[in-house]
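The values are calculated or read from the model by the stated rules, or taken from the named source; none is laboratory data. Given the structure is predicted, the values throughout are model-derived calculations rather than measurements. We place every Cβ from the backbone using ideal geometry, glycine too, and count neighbours over all the protein chains shown.
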Amino acid sequence: MTKIVGLTGGIGSGKTMVANFFKEEGIPVYISDERAKIIMDKPEVIQKIQEIFDENVQKEGKLNRKRIREIVFKESHLLEKLNAIVHPAVKKDFKQWVDLHQKYSFVIKESALLFEQKLYKTCDYIILVTAPEEIRVKRVVKRDGVTAESIRDIIRNQLKDEDKIPFCDWVIINVDKELVKKEIKNIIEDINLRNNSI
Ligand code: ATP
């Protein structure tokens, strides 16, 4: 059976870059955030989401994500309701996607919230991507044009790597891209060895 390898990491750790390196090695990769955005733009999902808000959260037939973020930031019960629509839809989509990739011995599921949403329990193996905090802050400042302080705030509010590490099979320290690429090749070999010995 196709194994599920969860790939996670805090903001700016480089998990999306690492996911793309796996893709380059021919491994199917599911980027949960990207898929969630596509799912949320399906008309039937838009309709369900609209029903939980008192004001119009649509713009030209699409969801006004910025407005939704602002509202749920202040009203956590609405965030819960939103998650209750989006999470099951992503779960179903992921299951269908795995079914389409049955011929692979394993697939990668990249998710920033693997631990927060308890999705790690549904994975056979887990990879954590990490990097020193100051490097992560610099990366996101450069990528998103935001302040260093706002990124430090997000890091403070995310689960700490130390709490995730005991549940992980591999920890990638992402500083040097070329080293990371080599490590990914080793991890792929390792996963295949583990799968063959089961
Ligand atoms: P987020 O949780 O914010 O989505 P992420 O963990 O997915 O972040 P990436 O988007 O992969 O992180 O990386 C953040 C930025 O840092 C990107 O612009 C990426 O190209 C860059 N980056 C990541 N790793 C490295 C590296 N080893 N060397 C140079 N740049 C890197």
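Applying the criterion of being among the hydrophobic types (A, V, I, L, M, F, W, C) and out of contact with any strand residue (DSSP E or B) (no Cβ under 9 Å at 6 or more places or on another chain) to the residues of segment 1-25, the residue that is farthest from Lys95 (Cα to Cα) is Ile11. Residues that are touching a helix residue (DSSP H, G or I) at 6+ places or on another chain (Cβ under 6 Å) and of a type in the set (Val, Ile, Thr) within segment 10-30 comprise Ile11, Val29, listed in sequence order.
In segment 165-185, which residues are of a type in the set (A, V, I, L, M) and touching a residue at least 60 places away in the same chain (Cβ under 8 Å)? Ile172, Val180, Ile184 - these are the residues of segment 165-185 that are of a type in the set (A, V, I, L, M) and touching a residue at least 60 places away in the same chain (Cβ under 8 Å).
Please enumerate the residues belonging to segment 115-147 that are surrounded by 12 or more Cβ atoms within 10 Å (Cβ to Cβ) and of a type in the set (Gly, Ala, Ser). The answer is Ala131, and nothing else.
Residues of segment 22-42 that are part of a helix (DSSP H, G or I) and within 10 Å of the ligand (Cβ to nearest atom): Asp33 alone.
Figure legend. Inter-residue proximity from segment 100-112: first residues part of a loop (DSSP other than H, G, I, E, B), second residues buried (at least 20 other Cβ atoms within 10 Å of the Cβ) and of a type in the set (S, T, N, Q), beta-carbon distance below 7 Å, spacing 6+ or different chains. Indicated pairs: Ser111/Thr8; Ser111/Ser32; Ala112/Thr8. Residues that are more than 30 Å from Arg194 (Cβ to Cβ) and more than 11 Å from the ligand (Cβ to nearest atom) within segment 126-147 comprise Glu133, Glu134, Gly145, Thr147, listed in sequence order. Can you say whether Asn83 is assigned by TED's automatic domain parsing to the domain that holds Val140 and free of Cβ contacts under 8 Å to residues at least 40 places away in the same chain, as far as the supplied structure shows? When the stated conditions are applied, Asn83 does not pass them. The sole residue among Arg139, Arg67 that is under 21 Å from the mean Cα position of the chain (by Cα) and part of a helix (DSSP H, G or I) is Arg139.
Residue pairs whose Cβ atoms lie under 7 Å apart, sitting 6 or more positions apart in sequence or on different chains, and linking a residue in segment 53-71 that is assigned by TED's automatic domain parsing to the domain that holds Lys42 and surrounded by 17 or more Cβ atoms within 10 Å (Cβ to Cβ) to a partner that is of a type in the set (A, V, I, L, M) and in a loop (DSSP other than H, G, I, E, B), are Leu63/Val57; Ile68/Val57.
Considering each of Ile11, Ile49, Ile31, Ile4 in turn, give the residue that is closer than 17 Å to Ile188 by Cα, among the hydrophobic types (A, V, I, L, M, F, W, C), surrounded by 16 or more Cβ atoms within 10 Å (Cβ to Cβ) and modelled with pLDDT of 95 or more. Exactly one residue qualifies, and that residue is Ile4.
Selection of segment 148-184 for residues being more than 21 Å from the chain's Cα centre (by Cα), away from the ligand (no atom under 13 Å from the Cβ) and exposed (fewer than 12 other Cβ atoms within 10 Å of the Cβ) yields only Glu149.
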